[in-house]
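The structure appears right after this line, and notes come after that.
The values are calculated or read from the model by the stated rules, or taken from the named source; none is laboratory data. Keep in mind the model is a prediction, meaning the values are calculated, not measured. Every residue, glycine as well, gets a Cβ built from its backbone with ideal geometry; the counts of neighbours run over all protein chains shown. Accessible surface areas use protein heavy atoms only, side chains included; no ligands, DNA or RNA. Shrake-Rupley method; radii C 1.70, N 1.55, O 1.52, S 1.80 Å.
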Amino acid sequence: GPSALFDKDIGTVTTKLIRGNPCYLVRVFVTNVNAAVRYFNIHDRAMLPLATNIPTGQGLSLPIPAGTVNNPGVLSVELGETHYMTVGLAWSISTAVNVFTDSATNTEHSVHLWYALA
């Protein structure tokens, strides 16, 4: 298949639009240094996720384990170009499962995401 494209955010935002067109989600690697679990929401949409948005369509809501600065919680998921995002690809980090709460702290997280064009 096509080679994966890469996007990363190291603690600057808690929501991001990656692509406004259909694509494949290939892999995610996310860290959390907060003492509470956080949720990495993948949104199947062509716009930036806003507070109260839920991951509809092919969206996902995956727990990022709690961690510390010296021992971050890690979420690592390999999908291998099998997960087709029908509208677009965006993400958010949340304090609640399956909804973007817009209350997580951006500096506590890093996101590394690989995707492939459809």
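Residues of region 80-112 that are more than 20 Å from Asn53 (Cα to Cα) and within 13 Å of the chain's Cα centre (by Cα): Ser110, His112.
The criterion of at least 1 residues that are open to solvent by 30 Å² or more (accessible area, probe 1.4 Å) and free of Cβ contacts under 8 Å to residues at least 60 places away in the same chain is met by the following strands (runs of 3 or more DSSP E) wholly inside region 1-87: 38-43, 60-64, 73-85. Filtering region 88-105 to residues that are aliphatic (A, V, I, L, M) and part of a strand (DSSP E or B) leaves Leu89, Ala90, Ile93.
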